[in-house]
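Following: one structure in structure tokens, then a few remarks.
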Amino acid sequence: KLAAEFPSEDIFLMTASPVIKAVTNFKQVSKTLEEFDVEEQPSSLLEKRYPNIRVIQSGVKQLKSDEHKIYTEDGKEYIYEKLCLCAGAKPKLIVEGNPYVLGIRDTDSAQAFQKNLAQAERIVVVGNGGIALELVYEIQGCEVIWAIKDKAIGNTFFDAGAAEFLLPKLTAKSRETPIECKRTKYTVEGSEEKGRPTGASDKLGSALGPDWHEGLHLKGTKEFSHKVHIEILCEVKKIHLQQEFIQLQRTSLTFPKGEKNVEADEVLWPVYVELTNGKIYGCNFIVSATGVVPNVEPFLDGNNFAVSEDGGLKVDKHMQTSLPDVFAAGDICTAAWEPSPVWHQMRLWTQARQMGWYAAKCMAADALGESLDMDFSFELFAHITKFFNYKVVVLGKYNAQGLGSDHELMLRCTKGHEYVKVVMQNGRMMGAVLIGETDLEETFENLILNQMDLSAYGEDLLNPDIDIEDYFD
């Protein structure tokens, strides 16, 4: 976007990674909903397309904002007129530096994970967001103990009802063959041979796209297809290596076979996870899918950034940080403006793309001294993804975020087919979750955006016999 806005200026893209992430197959589904794939491409492709872009492959060592200078790890310095920080986020590991704990947030860590899984008989997955959800669904031939701190799975995206709707898919014996993934994969030359040590999550790759597990062969050593046991309302209390565990003289558990069946495990495992509910399970390794923290480290030293409670750089409604000429976009930043009542920030691919695009417009307006209205994509939170092979659309305050107890929910659910939930407040639609092919996303998007009073329709709003999209056309 910057290259198009400033065709005669030099634009430097600094990246620690030899590949860049590009958005492909972009499709505007509705006013605010968009679908796209994320593809790794060699940076030379970007330079070919835009002659004024230069990709500098090096990590950033330091930012000296008062001098408008960036120092890179390869010992060079660069002067900027305007700077945008898009360094993303890094996985929030449950414990640092343990070789048996893998964090997943990028394509490299997904590959390391796959290598380990080939030898694994049992793994423990910790976390309850999108990546944990997809992971547990995709893994076959390996026992999975899934530890979540909530009552129900997928808490970031769903409520307990949606979780109940999805659960049968976890235990289903056979799988529909997934639709082929059109994304091409680029490997970095030389990275294959060197092999990557398991714990090497310090070298940050780019974050995973929405269908990152496609084309990865996620199968363990055992022959059964699906074995998932969910431990709810618990967190990891401690991780014990094999020697420590033997000295503890405590009992670890086998994979639970039924509700009441709790047996001591005779097998010796490389690592043991002690949960806050008192149970201990041995496993080959632990996947930490517990979310991300903004990657601000290299930029803070010597610069007086306003930093938000969640660790992100605060940006105003023009994506500007508290420092002159320094902007930020994506996972590294935290929206510090007064948001629309039906938008909230979530560290997702869709928002990273929107913020990046809008930040470039803001940088251009700032350079030309023009004023700019807030981009329409920040009017309504809208995200489209796939879980367990179902299409999933979340709109607005889909989990009644910040609405207090003053709201009501309406539900419609057809087992194995669709799940529709609507969040209402004072007769107005504030959010919705749509799972399956419901064809309601555009209608609901409009109803949330125009805040029409729907009290007159009552329960009929979700009556399957009434063609609601025609009604509000």
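The values are calculated or read from the model by the stated rules, or taken from the named source; none is laboratory data. Just so it is clear, the structure is predicted and the values come from calculations on it, not from any experiment. Heads up, the Cβs are rebuilt from the backbone with ideal geometry, glycines too, and the neighbour counts pull from every protein chain shown. To get the accessible areas, we keep the full protein, side chains included, count just its heavy atoms, and leave off ligands, DNA and RNA. Shrake-Rupley method; radii C 1.70, N 1.55, O 1.52, S 1.80 Å.
The table below lists the values:
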read-out	value
Carbon and sulfur %, accessible surface of region 382-471 computed with the full protein complex present, 1.4 Å	44 percent
Accessible area of the chain divided out per residue, in Å², using a probe of 1.4 angstrom	49 Å²
Added length on full extension, which subtracts the Cα-Cα distance from 0.36 nm per residue, residue 27 to residue 171	48.6 nm
Inter-label distance for residue 460 and residue 266, nm, one decimal - labels placed 7 Å from Cα along Cα-to-Cβ	6.7 nm
Given charges at Cβ of Lys, Arg, Asp, Glu: the chain dipole, positive-most of 400, 335, 240	240
Solvent-accessible surface (1.4 angstrom probe) belonging to residue 457, in square angstrom, nearest 10	60 Å²
Cleavage-rule hits, GluC sites (Glu not before Pro), region 327-423, DSSP coil, Cβ neighbours within 10 Å at most 10	370
For residue 14, solvent-accessible area (1.4 Å; no DNA, RNA or ligand), Å²	50 Å²
Trypsin sites (Lys or Arg not before Pro) within region 400-465, DSSP loop, no more than 16 other Cβ atoms inside 10 Å	415
Spin-label pair residue 325/residue 76, simplified geometry with 7 Å Cα→Cβ offset, distance in nm	1.9 nm
Inverse of mean 1/r across different Cα pairs in region 286-412, Kirkwood, Å	16.5 Å
Mean shadow area of the chain over all directions, Cα convex hull, nm²	25.2 nm²
Loop GluC sites (Glu not before Pro), region 51-113, which have at most 15 other Cβ atoms in a 10 Å radius of their Cβ (DSSP)	73, 81, 96
Listed residue pairs exceeding 21 Å between alpha carbons, taken from 115/391; 227/257; 1/397; 169/415; 227/421; 82/317	115/391; 1/397; 227/421
Approximate spin-label separation residue 57-residue 439, in nm, with each point projected 7 Å along Cα-to-Cβ	4.9 nm
Sum of -39500 (n - 2.57) over DSSP H runs of 4+, divided by residues of the chain (222 nm, nearest 500)	-5500 deg cm²/dmol
Alpha-carbon gyration tensor eigenvalues x 5, square-rooted, for region 382-471, Å	19, 16, 12
Nearest-10 value in Å² for the accessible area of residue 417, using the 1.4 Å probe	100 Å²
Residue 470/residue 237 FRET efficiency (R0 60 Å; Cβ-Cβ; nearest 0.05)	0.65
